[in-house]
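S.K.: Starting off with a structure, shown below.
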Amino acid sequence: LDIWRRQKCTILFVTHTVSEATYLAERVLVMTSNGKLKDDIKIEGNTRNEAFRASTAFHEARLTITKSLEHNEEAI
């Protein structure tokens, strides 16, 4: 995150942890197992701090991502 803050560049993180993706991202791309884009979920109000982790926005975004994964047998 320090590199991202200093360079102000786009970074692609790959994770299988919904909470980590929600915390780090401005948007989360949910992919299928064959590499197709299933969902593009924007994370609103992400300040990347503990207050955000406790916020309703964090929990709603995490739930949206989880539902996207659950409703697609091919999503990873």
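Here, each number is a calculation from the coordinates, and none is a lab measurement. All values reported here derive from a predicted model rather than from experimental measurement. Ideal geometry is used to build each Cβ from the backbone, glycine not excepted, and the neighbour counts take in all protein chains shown.
S.K.: Counting only C-alpha contacts under 8 Å and six or more residues apart, can you give the relative contact order of the range 14-70 as a whole percent?
M.R.: It rounds to 33 percent for the range 14-70.
S.K.: Using θ = phi - 60° and the Karplus form 6.51 cos²θ - 1.76 cosθ + 1.60, what ³J(HN,Hα) does each residue of the range 24-35 get, whole Hz, x for Gly and Pro?
M.R.: 7, 9, 8, 8, 10, 9, 9, 10, 8, 5, 9, x
S.K.: Using amide H atoms built in the peptide plane, which far-off residues or other-chain residues are under 5 Å from LYS38 H to H?
M.R.: Result for LYS38 returns VAL30, MET31, THR32.
S.K.: Would you mind checking the tilt of helix 56-70 against the longest principal axis of the Cα atoms of the chain, expressed as 0 to 90 degrees and rounded to 10?
M.R.: Around 30 degrees separate the two axes.
S.K.: Here is a further query. Once the dipole of the chain is set up with Lys and Arg at +1 and Asp and Glu at -1 on Cβ about the Cα centre, which of MET31, ILE11, HIS59 lies farthest towards its positive end?
M.R.: ILE11
S.K.: Using a simple spin-label model with points 7 Å from Cα along the Cα→Cβ vector, what separation in nm is obtained for LEU37 and VAL14?
M.R.: Going by the 7 Å Cα→Cβ label model, 1.8 nm.
S.K.: What do you get for Rg/Rh over the range 14-70 if you use C-alpha atoms and the Kirkwood form of Rh?
M.R.: That ratio is 0.97, to two decimals.
S.K.: Okay, moving on. Give the long-range amide H neighbours of ASN46: residues separated by 5 or more places, or on another chain, with amide H under 5 Å away, using H modelled in the peptide plane at 1.01 Å from N.
M.R.: HN-HN under 5 Å from ASN46: empty list.
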